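The structure appears below as C-alpha cells.
Any read-out appearing in this document is the output of simple, stated calculations on the displayed coordinates, not a laboratory observation. Owing to the predicted nature of the structure, the values given are computational and were not obtained by experimental measurement. Note that each Cβ is placed from the backbone with ideal geometry, even for glycine, and that neighbours are counted across all protein chains shown.
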Amino acid sequence: MQQARAAVASGGGPQGAQEERQCYEDEELSFIEPVYATRTAMHPAPKHEMPRRTMPAYMAKALVEDMLQMDFNPRLNLSTFLSTWMEAEAQELMVKVAAYNMADAVQYPSAAEMEKRCISFLAKLWHCPDDDFVGTGCVGSSEACYLGGLAMKKKWQQARRAAGLPIDRPNLVLSHVAQVCWQKFCVYFDVEPHYVDVTHDCLVMDPQKMKNHIDENTLGVVVMMGSTYNGQYEPVEEVDRALEEIKKEKGWDIPVHVDAANAGRGTPGLAGLALACRSRPAAARTSAGNESCLPPRLVAPLCQLGVRFDFSLPHVASINVSGHKYGLVYCGVAFQVWRSRAWLPKDMVLTVDYLGKEESNLTVNFSRPGAQIVAQYYNFIRFGKAGYRRMFDNLFAVCCHLAAKLEETGHFEILSTGDVPVLAFRLKPLTTALGLENTYNEYE
C-alpha cells in the first residue's frame with residue numbers, strides 16, 4: 001500500500017516510486033555534503049519549469065545568492081529613483097512585519113494607524129486648509145497617480161452629466177516631462193492626453209502654452225514637482241494662476257493634481273544648480289530654528305523657502321508623493337492625499353466585508369505590504385523635520401560637488417537646476433572640422 005501511494009505521488013508506477021525514494025535519500029545525504037559537492041550543484045538552477053523534487057534550504061539559498069552575484073550593487077546605482085539605504089533599526093522593523101498585509105486593517109490595526117498618521121503628517125506639511133482631508137497609502141506613486149487621475153475624471157463626469165453634456169472625450173493636460181505612469185493612465189482609462197511641448201530653454205510646462213490645451217473636456221492638469229528630464233520643478237503657482245484666469249473667462253473650474261513623487265519646485269534656468277549650491281548652507285542655517293517658515297513637500301518643505309505648490313493654492317485638488325524616494329524607505333510605498341473629501345468621489349471608496357469586519361478600501365492594488373508603511377512612520381518620527389533637512393542638505397552638497405567636477409572637465413553641460421538633489425548632464429556638442437555640430441543622444 002505504501003509503495004502504491006508513492007507510485008501515485010510520483011506518477012511513474014513502481015519505477016517512479018523507486019526514483020522518489022532515491023530522491024529522498026539523495027536529499028538526506030545532501031545535508032551533510034558541501035554545497036558545491038552535491039548533485040544539485042552539478043545542474044543549472046531551474047529556469048523554465050518548477051523542479052519535481054525538493055532541495056535543502058541552504059542549497060536553494062546558495063543557488064539564489066549565486067544568481068544575485070550578477071546584479072548591480074544598489075548602493076552604487078546612481079541612476080535609480082529609489083532609496084537604497086536604511087538604518088539597521090528600520091530594516092529590523094521591516095523584517096518583523098514582513099507578513100503584514102495592509103488590506104487587512106482589522107488584523108493589523110497598529111500598522112493601519114501608522115498609515116493614517118503618515119497621511120496626516122503629509123497633509124499638514126502640504127497646508128491642507130482644514131482636517132477634512134482624505135488620503136491613502138499605495139504601493140508606489142503610479143498607483144497614487146491613477147487614483148488622483150480617476151478622481152478628477154469622475155468629478156468631471158459628474159459635473160457633465162448634471163449639466164446634460166456628453167462625457168465621451170475627456171482629456172488631461174500635462175507636459176512631456178511627466179512620468180510614464182500618466183501615459184499609462186490615459187491609455188488604461190480612456191483619456192486623451194494633451195501634451196504641452198517643452199524646449200531646451202524651458203524643460204518644464206509653460207503656463208501660457210498650457211492655456212491653449214484647455215477646453216471644456218479637460219478633467220484636470222498634471223504638474224510635475226520634479227521633471228523626469230532634469231529634476232526641475234514645474235511652476236505650480238503660475239499654472240494655478242492661469243487656471244484661475246480661465247475660470248473667470250470661461251467658467252471652467254479645472255483642478256490640478258501635483259505629482260510630487262520627487263518633491264517640489266525651485267530656481268529656473270541652467271545656472272540654478274550653481275545658485276542652489278552657493279545658497280544652500282545659508283538657507284539651511286536660517287531655517288534651522290524656525291519651524292513656522294518650513295514650506296510644504298518633502299525636499300522643498302525642509303530646504304527651500306518660498307515655493308508654493310500645495311493645498312495653499314485653490315486649484316490644487318490632490319497630491320501624491322513617493323515614500324521610497326525622499327521619504328527614504330525601500331521600494332514599495334507612496335501616498336495620495338486629497339485636499340478635502342469633496343474631491344474624492346464616493347464610489348471610489350469600496351467596502352470589503354470578508355476579512356473579519358467591514359473595511360473601507362481605496363486602492364488600485366488590494367493586498368500591499370505593511371513593512372514599508374511601518375518603515376515610513378519610523379523615518380518620520382526618527383528623523384523629524386530637522387533630520388530630513390540635514391540629510392537633504394548633504395545630498396545637495398554631494399550633487400553640487402559632482403556638478404562642479406563634471407563642469408571642470410569642459411566636456412559636459414549641466415541640465416539640473418538645483419530643485420532636487422538630482423544631477424542631469426549631457427555631453428557638449430562637438431564642432432567638426434567642417435564647422436558642423438556633432439550632437440549626441442541621451443544614451444551616448
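A straight chain from Val106 to Ser312 at 0.36 nm per residue would run longer than the Cα-Cα distance by 70.7 nm. Each residue of the range 335-340 was assigned a 3J(HN,Hα) from its phi angle through the Karplus curve 6.51 cos²θ - 1.76 cosθ + 1.60 (θ = phi - 60°); the sequence is 9, 10, 10, 9, 5, 7 Hz, with glycine and proline shown as x. Full extension of the segment from Leu427 to Gln69, taken as 0.36 nm per residue of separation minus the current Cα-Cα distance, would add 125.7 nm.
Spin-label model, Thr84 to Gln157: label points 7 Å out along the Cα-to-beta-carbon direction sit 4.2 nm apart.
Label sites at Ala57 and Phe366, each approximated as a point 7 angstrom past Cα along Cα to Cβ, lie 3.0 nm apart. For Ser416, the amide hydrogen comes within under 5 Å of the amide hydrogens of Ala424, counting only partners 5 or more places away or on other chains and with H modelled in the peptide plane. Computed from backbone phi, the HN-Hα couplings of the range 414-419 come to 7, 9, 5, 10, x, 5 Hz, rounded to whole numbers (Karplus: 6.51 cos²θ - 1.76 cosθ + 1.60, θ = phi - 60°; Gly and Pro given as x).
Neighbours of Tyr377 by Cβ distance under 13 Å: Lys/Arg scored +1, Asp/Glu scored -1, total 0. The residues neighbouring Thr351, those whose beta-carbon lies less than 9 Å from its own, together hold a net charge of -3 under the Lys/Arg +1, Asp/Glu -1 convention. Our estimate of slack between Leu402 and Lys116, defined as 0.36 nm per intervening residue step minus the Cα-Cα distance, is 99.1 nm. In a DSSP loop and with at most 10 other Cβ atoms within 10 Å, the chymotrypsin sites (Phe, Trp or Tyr not before Pro) in the range 336-378 are Tyr354. Backbone phi angles across the range 206-222, fed through the Karplus curve with coefficients 6.51, -1.76 and 1.60 (θ = phi - 60°), yield HN-Hα couplings of 8, x, 6, 5, 4, 4, 6, 9, 8, 8, 5, 9, 6, 7, x, 10, 9 Hz in residue order; Gly and Pro are listed as x. Of the GluC sites (Glu not before Pro) found in the range 318-427, the ones in coil according to DSSP and having at most 11 other Cβ atoms within 10 Å of their Cβ are Glu358. A cut-off of 5 Å between modelled amide H atoms, ignoring neighbours fewer than 5 places along the same chain, links Asn171 with Glu192, Thr218, Leu219. The simple spin-label model puts a point 7 Å past each Cα toward its Cβ; for Val180 and Leu76 those points are separated by 2.5 nm.
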